[in-house]
Amino acid sequence: MISIIIPVLNEEKTIGKNLERLAKIRGQKEIIVVDGGSIDSTVEIANKYARVIKSEKGRGRQMNAGAKASKGNILWFVHSDSILDEDSLAKIEKTIENGYIGGCFKLYFYDLDTKFMRFVSNSSNKRAKHFKLIFGDQGIFMKRDIFENLGGYKDMELMEDWEFSRRIHRLGKMKVLDKRIGTSGRRFEKGGQVKTLLKMHKIKLLYILGMSPDKLARIYKEVR
């Protein structure tokens, strides 16, 4: 069974529609929504489609809590605004059967289809494949024992997916699937496509240079 783990915080506008789509995905699965303290109707809506647990706020903390509560032998971490194909679970299972310890999907922006955003998604996919850096919106999945051996995600305010990606690649082969995963481009639309991308690259550079995730998180809030 595959455990689909979704960290959320105040997602009432999109969570119902996305969970309804997720429930239609073929295959044996459990859907776990991990709420980080929503003050809107997120929990009430999510309860109609999934098992909901509560956790301390923070994407890494929420994903660890979801993994601990899950029962599947494969863990799949998905953002609340992701759009997934109905045969995604079969692709994940086939990847694990072929000897990979995990992988991710090819990213695209379903609500902002411009040449620039196609450049952004293509760059993200090449980064994951060639530089072994997978971000959360690409739907990372892995065998449960691999996740547990790594001790889960680090307790970081930001860049927990970057840090986790660096560690997991040391344990075995990861695959970037040809199957796509859709994510929202709302941040880019709100903040300006080029401007938002430059700010996100700034955050990555500052992380490499040693700035603390706490300080980076404050910069990231400006991007949102």
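Tally time: how many residues in region 182-201 are surrounded by 14 or more Cβ atoms within 10 Å (Cβ to Cβ) and either assigned to a helix (DSSP H, G or I) or touching a Gly at 6+ places or on another chain (Cβ under 6 Å) (or both)? The qualifying residues number 10. Scanning region 165-181 for residues being touching a residue at least 24 places away in the same chain (Cβ under 8 Å), open to solvent by less than 50 Å² (accessible area, probe 1.4 Å) and in a helix (DSSP H, G or I) gives a total of 2. Among the residues making up region 99-128, a single one is of a type in the set (D, E, K, R) and closer than 21 Å to Leu75 by Cβ: Lys106. When you check Phe147 against the structure, is it open to solvent by less than 40 Å² (accessible area, probe 1.4 Å), within 18 Å of Ile5 (Cβ to Cβ), touching a residue at least 60 places away in the same chain (Cβ under 8 Å) and assigned to a helix (DSSP H, G or I), yes or no? Yes; evaluated as a whole, the condition is true for this residue.
Before we move on, is Gly102 surrounded by 22 or more Cβ atoms within 10 Å (Cβ to Cβ), at pLDDT 95 or above and either over 30 Å from Arg218 (Cα atoms) or of a type in the set (S, T, N, Q) (or both)?
yes
Just one of (1) of a type in the set (A, V, I, L, M); (2) part of a loop (DSSP other than H, G, I, E, B); (3) closer than 22 Å to Gly172 by Cβ fails for Ile25. It is (3).
How many residues, within region 111-134, are in a helix (DSSP H, G or I), surrounded by 13 or more Cβ atoms within 10 Å (Cβ to Cβ) and among the charged types (D, E, K, R)? Residues meeting the conditions: 3.
So which of Lys71, Lys24, Lys48 is touching a strand residue (DSSP E or B) at 6+ places or on another chain (Cβ under 8 Å) and of a type in the set (Lys, Arg)?
Testing whether each residue is touching a strand residue (DSSP E or B) at 6+ places or on another chain (Cβ under 8 Å) and of a type in the set (Lys, Arg) leaves just Lys71.
Considering Lys17, Lys13, the condition of being in a helix (DSSP H, G or I), free of Cβ contacts under 8 Å to residues at least 24 places away in the same chain and open to solvent by 30 Å² or more (accessible area, probe 1.4 Å) is satisfied by Lys17 alone.
Looking only at strands (runs of 3 or more DSSP E) that lie completely in region 50-110, which have at least 3 residues being touching a residue at least 40 places away in the same chain (Cβ under 8 Å) and farther than 21 Å from Lys17 by Cβ?
Filter on region 50-110 gives 102-109.
If you take the residues in region 111-160 that are of a type in the set (S, T, N, Q) and more than 16 Å from the chain's Cα centre (by Cα), which one is farthest from Ile181 (Cα to Cα)? Looking at residues that are of a type in the set (S, T, N, Q) and more than 16 Å from the chain's Cα centre (by Cα), I get Asn149. The condition of being over 17 Å from Trp162 (Cβ atoms), buried (at least 20 other Cβ atoms within 10 Å of the Cβ) and among the acidic types (Asp, Glu) holds for only one of Asp35, Asp137, Asp40, Asp85, that being Asp35.
The values are calculated or read from the model by the stated rules, or taken from the named source; none is laboratory data. Bear in mind the structure is a predicted one, so any value in this text is a computation, not a measurement. Cβ atoms come from the backbone with ideal geometry, glycine included; neighbour counts cover every protein chain shown. The protein model used for the area step is the full one, side chains on, heavy atoms only, and it has no ligands, DNA or RNA in it. Shrake-Rupley method; radii C 1.70, N 1.55, O 1.52, S 1.80 Å.
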